[in-house]
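Visitor: Pasting in a structure now, in structure tokens, and then I'll have a few things to ask.
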Amino acid sequence: MSISPLAIMGSLLLLASLGLGFADPIPQNPAYHDYGDQRVILGIPYFWNVVSNLPMLFIGSYGLWQCARHWSRRPAGVARLIPLVLSFGIFITCFGSAYYHWSPGNTTLFWDRFPMTLMFMALFALLMYDFLGPRVGARTFWLAIPLGMASVLYWHFTEAAGHGDLRPYALVQFFPMAAAPVLLLFYPGKVPYVRYILLILGWYAVAKACEHFDKEIYTALGFWSGHTLKHLLGAIGLVYAMKIVDGWYPHSH
């Protein structure tokens with residue numbers, strides 16, 4: 001009896017949802033906004049944390065240009081929307097993240113996280129489309145994008161009400177990263193861009209580690225903090241996401 005990847009991912013999603021459901025709500029830790037590098041340069045507070053978002057502007061602009069250039073070469077519908085939403089998410093993350101890092105706080109953090117969910121969910125839908133077929137990919141897209149946005153809205157409103165809860169957002173951010181290895185394990189030769197997926201996951205993991213050790217890295221380097229490096233290394237991972245999108249001409253059947 002064979003086990004389908006959908007069954008495994010469904011089980012992972014169910015277990016993660018149950019685990020988070022039984023856990024206490026997770027409010028935003030105020031210490032999250034206390035960055036190691038708080039220098040004001042050229043009148044810009046948290047200068048390097050702000051300007052290190054610039055690579056997203058160029059990566060997102062490139063992706064949007066590619067979407068327009070290859071629009072007619074992709075099947076109508078979700079196959080055109082996935083690269084568009086992914087590229088648009090990267091593009092506006094530059095502005096949302098810069099806005100947040102200019103004045104760190106829960107209110108501005110909403111504008112950092114909201115566009116990022118577009119990136120996570122669009123890339124997840126692309127993988128589901130290629131590995132499990134257009135129908136599954138389309139369903140994933142139309143479910144995942146609204147759920148991703150709703151998770152940030154839920155956190156934002158619960159935080160404003162004094163009982164913030166990050167659990168849905170945590171699920172949205174990390175579940176696609178857990179699902180990708182499952183797809184690769186079941187279909188190792190299904191797509192030509194396996195190396196790019198591994199590089200995206202690798203750079204993402206390193207970026208998150210830099211974020212965790214923000215102050216320690218700043219103390220060690222004395223120039224850039226871990227959070228600044230998180231932005232730059234995360235942008236490298238997104239370059240590989242654009243490499244996938246560049247040659248992505250899926251079938252409609």
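Visitor: Can you go through 113, 74 and tell me which one is among the basic types (Lys, Arg) and touching a Lys or Arg at 6+ places or on another chain (Cβ under 7 Å)?
Guide: 74
Residues are listed down the side, and each one gets a yes or a no for (1) modelled with pLDDT under 95; (2) surrounded by fewer than 21 Cβ atoms within 10 Å (Cβ to Cβ); (3) not basic (Lys, Arg):
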{"position": "54", "(1), (2), (3)": "no, yes, yes"}
{"position": "58", "(1), (2), (3)": "no, yes, yes"}
{"position": "64", "(1), (2), (3)": "no, yes, yes"}
{"position": "74", "(1), (2), (3)": "yes, yes, no"}
{"position": "122", "(1), (2), (3)": "no, no, yes"}
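Visitor: Only one of 80, 39 is farther than 30 Å from residue 217 by Cα, in contact with a Phe, Trp or Tyr (Cβ under 7 Å, 6 or more places away or on another chain), of a type outside the set (Gly, Ala, Ser) and outside any strand (DSSP E or B); which?
Guide: 80
Visitor: Oh, and also: Inspect all residues belonging to the stretch 22-32 and state whether any of them is hydroxyl-bearing (Ser, Thr, Tyr) and not in a helix (DSSP H, G or I).
Guide: No, that holds for no residue.
Visitor: Would it be correct to say that residue 44 is surrounded by fewer than 18 Cβ atoms within 10 Å (Cβ to Cβ) and aliphatic (A, V, I, L, M)?
Guide: Criteria met by residue 44.
Visitor: Still on this structure: Give the residue that is surrounded by the most Cβ atoms within 10 Å (Cβ to Cβ), with candidates limited to residues of the stretch 95-120 that are under 18 Å from residue 145 (Cα atoms) and among the aliphatic types (A, V, I, L, M).
Guide: That would be 119.
Visitor: In addition: If residue 162 satisfies every condition in (1) in contact with a Pro (Cβ under 6 Å, 6 or more places away or on another chain); (2) surrounded by fewer than 19 Cβ atoms within 10 Å (Cβ to Cβ); (3) within 25 Å of residue 23 (Cβ to Cβ) but one, which is the exception?
Guide: Here residue 162 clears every test but (1).
Visitor: For the stretch 162-253, list the helices (runs of 4 or more DSSP H) that sit wholly inside it and hold at least 3 residues that are touching a residue at least 12 places away in the same chain (Cβ under 8 Å) and either in contact with a strand residue (DSSP E or B) (Cβ under 8 Å, 6 or more places away or on another chain) or closer than 19 Å to residue 5 by Cβ (or both); which are they?
Guide: 167-186, 194-212
The values are calculated or read from the model by the stated rules, or taken from the named source; none is laboratory data. Because the structure is a prediction, the values reported are computed rather than measured. So basically every Cβ, Gly included, is an ideal-geometry build from the backbone, and we count neighbours across all protein chains shown.
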